[in-house]
1. Take each of the peptides 138-145, 74-81, average the number of other beta-carbon atoms within 10 Å over its residues, and list them starting from the highest.
2. Could you grab the relative contact order for region 65-166? Cα pairs under 8 Å, six or more apart, rounded to a whole percent.
3. Below 8 Å, C-alpha to C-alpha, sequence gap of six or more: please give me the relative contact order for region 100-159 in percent.
4. Could you calculate the contour length gain from I18 to M1, that is, 0.36 nm times the residue separation minus the distance between their Cα atoms, to one decimal place in nm?
5. Rule-of-thumb check for region 86-176: C-alpha Rg over 2.2 N^0.38 Å?
6. Accessible area per residue of the chain at 1.4 Å probe, in Å²?
7. Would you tell me the accessible area of S154, worked out with a 1.4 angstrom probe on the heavy atoms of the protein chains, in Å² to the nearest 10?
8. Could you quote the convex hull projected area for region 37-196, Cα atoms only and averaged over all directions, in nm²?
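The values are calculated or read from the model by the stated rules, or taken from the named source; none is laboratory data. Remember, it's a predicted structure, so these values are computed and weren't measured experimentally. Cβ placement follows ideal geometry from the backbone for every residue including glycine, while neighbour counts extend to all protein chains displayed. When the accessible area is computed, the model is the full protein with side chains, heavy atoms only, and any ligands, DNA or RNA have been set aside. Shrake-Rupley method; radii C 1.70, N 1.55, O 1.52, S 1.80 Å.
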Amino acid sequence: MPFSEQIPREHYVPGARIKVYLVAVQASVRGPEVVVSRTHPEIVRQLFAQEVPEIASGVVLIRAIAREAGSRTKIAVAASEQNVDPIGSCVGQRGMRVQTVISQLGGEKMDIIEWSDDAKRFIAAALSPAKVISVTLDEAARAASVEVAEDQLSLAIGRGGQNVRLAVKLTGWRIDIVGSGLPTEATVGSAEATLAGLEVKPE
């Protein structure tokens, strides 16, 4: 497991059991080499598939993942069947399912939101836990201006800009956070931001 594939500040001791994601099997001067990762976004998908039967069976789909390993992850989920709550399925009774995944990732925070084909609704959900007042889209620039109340501004941006940064990666839209009643807007994100998660399509 290369240093770049290790979760920051996570310590590994001989004999400890940890979950890893198989990145590659390649030849080296010492023979075949197996490269594994604790930081790859796909490990989140696989851990949920192990804990959530609805994901393993394809009833619930993880449509996108945005992750800052060791700190926080946002996943967008959707149900392929009616009358199925995708978020509730991932959280589990009394939060047991998601807590198991969190513990396997060393306490990494996990935000689970519902995927939507409606960009405004999806962007608003991606900025959770902040409450959004309105979302205005610029389709040509793939940019969104999001208005939040003044007391929600720091929550929407997050510590060090993490919340909005992950929302940008999750949605693939540039996001400009506008504080309601403020004379200026706080612009965060990147016009070149791309979808961080891998999309799962039904077979």
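1. Going by the mean number of other Cβ atoms within 10 Å, highest first, we get 74-81, 138-145.
2. 23 percent
3. Averaging sequence separation for qualifying contacts and normalising by length gives 24 percent for region 100-159.
4. 4.9 nm
5. It is 1.17.
6. Value returned for the chain: 56 Å² of accessible area per residue.
7. 90 Å²
8. 9.8 nm²
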